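Asks: Pasting in a structure now, in structure tokens, and then I'll have a few things to ask.
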Amino acid sequence: MSTLAHTMMTAARSVDTGLAGPGDLDRYPFAEVSAADRVGPIGWDSPESDLGRIGRRAAGNRGRGLHGQLVQQLGQMIVSGDLGADRPLVPEEIGQRFEVSRTVVRESLRVLEAKGLVSARPNVGTRVRPVSDWNLLDPDIIEWRAFGPQRDDQRRELTELRWTIEPLAARLAAGHGRDDVQQRLGDMVDIMRHALAQGDSLTFSRADAEFHSLLIHLAGNRMLEHLSGIVSAALQVSGGPIVGCDRPTDVSLSHHARIADALAAGDGSGAEVAMRQLLTVHPEVERVVPAPREH
């Protein structure tokens, strides 16, 4: 194992300090939050209000300030359906319920508006928008849907989307060989192999996320690069507990190694086939796409 891989693997085990290194494996902090912590307990006293039906969630463990916590809470409430379409959002009421300032409320609603969840119009106010207006590719919305009532649909749709994006990225990446990136892909495989032997699912999932992000960037397609955040979010919510390939297994590890070997050899077809086989490890995919054929 290279020095870089060893350094990244050691750092990945520290949830508190995170990573500092070229792999930047701690850029996706979702694995540090349990599924039970994603939905707040009921704690408000006003049963007649939709806003009163959902309690505050302690989001400080994700490093969010008041603004970030309010965005998270309101976003979850909208995506879960607790705040239905066309529901008016009164800033004064939100401020009172969450005990935050007008500035925090205003900034939070602006973020939600940018995500397509709410709209603000003069003389009308701020209202929740229908699902058809949401930016469903936004990483936050992906997460909120994945840990809400729509979790099964979200997981299936994300897996189908990955099945469309990543085999193409793998084929294109074979034509853009870069020694430094190829080395890092190999490092990620080494990290996953060692993590699997140690039963370290957190390190495995972080190396997994880094592997797929590197591969998409190696494809050399700027539009695909913009989708890398979606794939990263999908990896964090596609399995349980929070593991990109459903769970660390020898099968998923062998497919990652085959992809890396094919890319190193400039074999685009081989990389594409190996990626399709990796993605069909998911039972959801097997119901909607055919198994890959060897060429």
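Asks: Near the amide H of residue 89, under 5 Å away, which other amide H atoms are found, from residues 5 or more places off or on another chain, if H is placed in the peptide plane?
Replies: Hits under the 5 Å cutoff: 126, 127, 128.
Asks: Which sequence of 275, 223 reflects their accessible areas, 1.4 Å probe, from the largest down?
Replies: The ordering from most to least exposed comes out as 223, 275.
Asks: In square nanometres and to one decimal, what's the mean projected area of the convex hull around the Cα atoms of region 73-174?
Replies: Projected area, direction-averaged: 8.0 nm².
Asks: Let me ask you something else. Pop out the ³J(HN,Hα) list for region 166-174 in order, Karplus 6.51 cos²θ - 1.76 cosθ + 1.60 with θ = phi - 60°, rounded to Hz; leave Gly and Pro as x.
Replies: 6, x, 4, 4, 5, 5, 5, 5, 5
Asks: Report the calculated FRET efficiency for residue 265 and residue 114 (r = Cβ-Cβ distance, R0 = 45 Å), to the nearest 0.05.
Replies: Approximately 0.55, to the nearest 0.05.
Asks: Moving on to the next point. As a test question: what accessible area, to the nearest 10 Å², does residue 119 have when a 1.4 Å probe is rolled over all protein chains in place?
Replies: Roll a 1.4 Å probe over it and residue 119 shows about 30 Å².
Asks: If you count only protein heavy atoms and use a 1.4 Å probe, how large is the accessible surface of residue 99, to the nearest 10 Å²?
Replies: For residue 99, solvent-accessible area is about 140 Å².
Asks: Keeping the other protein chains in place, figure out the carbon and sulfur percent of the accessible area of region 115-274, with a 1.4 Å probe.
Replies: Carbon and sulfur together cover 50 percent of it.
Asks: Dividing the alpha-carbon radius of gyration of region 96-152 by 2.2 N^0.38 Å (N being the number of residues), what value is obtained?
Replies: In units of the globular-protein estimate, region 96-152 measures up at 1.26.
Asks: Note down the net charge around residue 130, summing +1 for each Lys or Arg and -1 for each Asp or Glu among other residues with Cβ under 13 Å from its Cβ.
Replies: It works out to a net charge of +1.
Asks: Residue-wise, which Karplus ³J(HN,Hα) couplings in Hz belong to region 250-260, taking 6.51 cos²θ - 1.76 cosθ + 1.60, θ = phi - 60°, and x for glycine or proline?
Replies: 3J(HN,Hα) across region 250-260, in whole Hz: 4, 5, 5, 5, 5, 5, 4, 5, 5, 4, 4.
Asks: Hey, what do the phi angles of region 146-161 turn into as Karplus ³J(HN,Hα) couplings, whole Hz, using 6.51/-1.76/1.60 and θ = phi - 60°, x for Gly and Pro?
Replies: 5, 10, x, x, 8, 4, 5, 5, 5, 4, 4, 5, 5, 5, 4, 5
Asks: Give me, ordered by chain and number, the residues 5 or more places off residue 118 or on other chains with an amide H under 5 Å from its own placed amide H.
Replies: Under 5 Å from the amide H of residue 118: 113, 129.
Asks: Any chance you could look up the accessible area of residue 151 with a 1.4 Å probe, heavy atoms only, rounded to 10 Å²?
Replies: For residue 151, the solvent-accessible surface is approximately 120 Å².
Asks: When the solvent-accessible surface of protein heavy atoms is calculated with a 1.4 angstrom probe, in what order do 92, 157 fall, highest first?
Replies: 92, 157
The values are calculated or read from the model by the stated rules, or taken from the named source; none is laboratory data. What you see is a predicted model; the values in this text were computed from it and never measured. All Cβ positions, glycine included, derive from the backbone under ideal geometry; neighbour counts span all protein chains shown. These area figures cover heavy atoms from the full protein model, side chains too; ligands, DNA and RNA do not enter into them. Shrake-Rupley method; radii C 1.70, N 1.55, O 1.52, S 1.80 Å.
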